[in-house]
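What follows is one structure encoded as structure tokens, with my remarks underneath.
The values are calculated or read from the model by the stated rules, or taken from the named source; none is laboratory data. Being a predicted model, the structure only gives us computed values, none of them experimental. Backbone-built Cβ (ideal geometry, glycine too); neighbour counts: all protein chains shown. For the accessible areas, the whole protein counts, side chains as well, though only heavy atoms, and no ligand, DNA or RNA atoms are used. Shrake-Rupley method; radii C 1.70, N 1.55, O 1.52, S 1.80 Å.
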Amino acid sequence: MGKMAERFNEICIRILQLVYLNLLWMAFSLLGLVLLGIGPATLAMFTVIRHWIRGKKDIPIFSTFWKAYRENFIESAILGILYFAVGVVLYVDLLFVESFMLRTFIIIVSFVYLVSLCYIFPIMAHYDLKNVVHKLKYSVLFGISYLQYTLLLLVSLAIVYLVLFLNPGIFTFFGTSIGCYVVMWFTHQVFLRIEMQNMKKQSHQVHS
């Protein structure tokens, strides 16, 4: 019973933290006039969640969020606008394009876009890559290379947001943070496997 109560308490604390993180995301998105702020706020959210997933449960949430928001503002703002613009173009194309071949092509491009969107901010939070092109390339490469994790991620997100849309009150409190938590958890599993593979390669090279 003691362990169950402790686990329940941890879950309640995490839920409250997700609510707080969601409020920070909304506030700092507004601080950047939404279009400029949503990218930095999203990256800051992923940075906090990454620490939690890696076992750092007691990090100062606000200062960690603010540091990531401030230090990566320009790059993450540009990427946020880029993904928003591409998403709008693809959505409009899907609505109005009637050609079967062209529509099929747009669906494929939209899937690649969705994969990249799921991975780009976790990659920015996890890796210290200076080149934006490399970040964009890896966001697609990782997602396609570990397609089983990506598909599980997309299915999990669909289930989570179906539940949230059926309960709009809950969506208001942590509609963004819970989705980002799911994304970060799955992408972190991919990162761990990539790191393990790299370690095995290095070990093999040393012994050979």
If the chain between GLN205 and ASN131 were fully extended at 0.36 nm per residue, the gain over the current Cα-Cα distance would be 23.9 nm
Picking from HIS134, HIS51, HIS126, which is most flexible by a Gaussian network model of the chain using Cα springs under 10 Å? HIS134
With the full set of protein chains in place, find how many percent of the accessible area of region 17-94 is carbon and sulfur; take the probe as 1.4 Å. 74
With runs of 4+ DSSP H residues as the only contributors, calculate the mean residue ellipticity of the chain at 222 nm using -39,500 (n - 2.57) per run, divided by the residue total and rounded to the nearest 500. -30000 deg cm²/dmol
Going through the DSSP H helices of the chain, which span 18 Å or more along their own axis at the Cα atoms while scoring at least 0.5 as a mean Kyte-Doolittle hydropathy? 2-31, 38-53, 73-96, 100-126, 132-145, 147-166
Using alpha-carbon positions, what is the distance between the centroids of region 5-38 and region 121-156, in Å? 23
Taking the convex hull of the Cα atoms, report for region 95-208 its projected area averaged over all directions, in nm². 10.3
Put +1 on the Cβ of every Lys and Arg and -1 on every Asp and Glu Cβ in the chain; which of LEU129, LEU162, PHE84 then has its Cα farthest towards the positive end of the dipole? LEU129
For LEU151 and ILE11, calculate 0.36 nm times their separation in residues minus their Cα-Cα distance, and state this gained length in nm to one decimal. 47.8 nm
Given the options PHE171, PHE191, PHE100, which has the most mean-square fluctuation in a GNM of the chain, springs set between C-alpha atoms less than 10 angstrom apart? PHE100
Could you work out how far apart the two model spin labels at THR104 and ILE74 are, taking each label as a point 7 Å from the Cα in the direction of the beta carbon, and quote it in nm? 4.4
Taking only C-alpha pairs under 8 Å that are 6+ residues apart, what is the relative contact order of region 51-208 in percent? 17
Pop a pseudo-label 7 angstrom from the Cα along the beta-carbon direction at both ALA158 and MET4 and give the gap in nm to one decimal. 3.5
Counting each pair of different Cα atoms once, what's the Kirkwood radius of the chain in Å, rounded to one decimal? 18.6
For MET45, MET4, MET196, MET124, give me the order by solvent-accessible area with a 1.4 Å probe, most accessible first, ignoring ligands, DNA and RNA. MET4, MET196, MET124, MET45
The answer for the chain, accessible area per residue at 1.4 Å probe in Å², is 61
Note to self: Kirkwood Rh of region 112-160, Cα pairs, one decimal, Å, is 11.0
Largest-first principal axis extents, alpha carbons of region 51-121, Å: 53, 26, 15
Relative intensity, log₁₀ I(q)/I(0), of region 15-100 from a Debye sum that treats every alpha carbon as a point, q = 0.12, 0.13, 0.21, 0.24 Å⁻¹: -0.43, -0.49, -0.91, -1.08
